[in-house]
Amino acid sequence: MKKIKAKPLVVIVILGLIVLGLAIAMLSSKEKPADKQETAGPRPALTVDTVRPAHSQLPIRLAANGNIQAWQEAIIGSELNGLRLAEVLVNVGDKVKAGQVLARFAGEAVQADLAQAKASLLEAEANAAEAAANAERARKLEGTGALSAQQIAQFYAAEQTAKARVASAKAGVAAQALRIRHVQVVAPDDGIISDRKATVGAVAGVGTELFRMIRKGRLEWRAEVTSAELGRITTGTDVTVNAANGTLLKGKVRMIAPTVDPQNRVALVYVDLQNSQDKAAPAKAGMFARGEFNLGTSGALTLPQQAVVMREGFNYVFQVGPEGRVAQVKVQTGRRIADRVEILEGLTPDATVVASGAGFLNDGDLVRVANTSGSATPAPSALSVRPAALKRTGHSS
């Protein structure tokens, strides 16, 4: 009887286990499609903004090196011989005006020579007066037979000789007066004293250099330009010069050298520096300077600089495909202005590229595009920012 009663309980337990197994199987079958849906596709590597190349007007600039020199340097020397320098009135760096006294020689000897010349003139004038009187008497007696023709001729000759001696004495006085003027060494023009060799007490000879002066205080930049680039520069071209001490100077091309150095094929271009005399622009003669010639503007395709990535010495951008995958594209870059860089080769104007975060991507990565327009950001048109090196052709890579 006990065995017969236990069978319904076993059946109930077995049925419960079957129902529990079926429920578990149904639940597991519902969860598997959801997991498959979550892992069906790869996740994007990055969320990015895109941009298209913009058409911009960029400056064409030619870079060159050179030295800042004086426009003209006057050498002021002694015009007297054997005189002692009694006074030196200026020093290096002083600004002087035309005619200003720079130094004085001791003039006692010259004053004595002038007095002697004046005395010789008085003597010559007295002799001339006597000779003129004798010649006048001879003229009155001519034809009377009181004087021979030879005597009359001698009186006439003496008169002419006396006149010549008077003229010579006057010239001597003028020469000594000129020496008196040369006792004072004066500036031939406005300018700045750049060198001084004059020393009080020194006895200078004729032609001895006493001072050097930068005429008008004007400086110029002598740029070294290769013969291949020389044809791109014309007189009047605007130039920006950056001196070694950081001074920025504006200038214009004044002259282009008519010859090219046969050794290095370089010609000099002379640039007048417009604000070289400003106290706020302390450029000095002899400084090294780098400058850029402004050769106008030209159209270019540009991208933001952060869109261009440099890897292994080459420049790349990441072009976004229609399915959100990026392709690494090698490009050749050119001029740079503000945050824009010129694209010379490797990209079409309608391409869509990653605008930022490109440095974190690899070729073939999947990205999520945050902006949908992909329109180009406006490029700056103000061309006041210094570009990169121009590769001697107006472009850089």
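Readers should treat all values here as calculations from the given coordinates under stated rules, not as data from a laboratory. Predicted, not measured: the structure shown is a model, and the values here were computed from it. Cβ sites come from the backbone with ideal geometry, for glycine too, and all protein chains shown count toward neighbours.
Summary table below
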quantity	calculated
For peptides 331-342, 198-209, 168-179, 215-226, sequence by mean Cβ density within 10 Å, most packed first	331-342, 215-226, 168-179, 198-209
Added length on full extension, which subtracts the Cα-Cα distance from 0.36 nm per residue, Ala129 to Gln116	2.7 nm
Separation in nanometres of the label points that stand 7 Å from Cα toward Cβ, at Glu224 and Asn264	0.2
Global size of the stretch 202-285 as Cα Rg and Dmax, reported in angstrom	16.4, 53
Phi to ³J(HN,Hα) by Karplus 6.51 cos²θ - 1.76 cosθ + 1.60 over the stretch 344-357, Hz, x for Gly, Pro	8, 9, x, 9, 9, x, 9, 6, 10, 10, 6, 7, 8, x
Under 14 Å, Cβ to Cβ, from Arg52 - net charge with Lys/Arg +1 and Asp/Glu -1	-1
Two-site FRET efficiency, Ala106 against Thr234, from Cβ-Cβ distance with R₀ of 51 Å, rounded to 0.05	0.40
Proximal charge balance of Arg325 [Cβ under 10 Å; K/R count +1, D/E count -1]	-3
Cut-off under 5 Å, modelled amide H: who pairs with Gly296 long-range	Ile60
5 angstrom amide H check on Val341, placed H, neighbours 5+ away	Leu303, Gln305
Net +/- balance of residues flanking Ala177 in space, Cβ distance below 15 Å, scoring K and R +1, D and E -1	+2
Exceeding the 21 Å Cα-Cα cut-off - candidates Lys95/Lys197; Lys118/Lys163; Lys140/Lys170	Lys140/Lys170
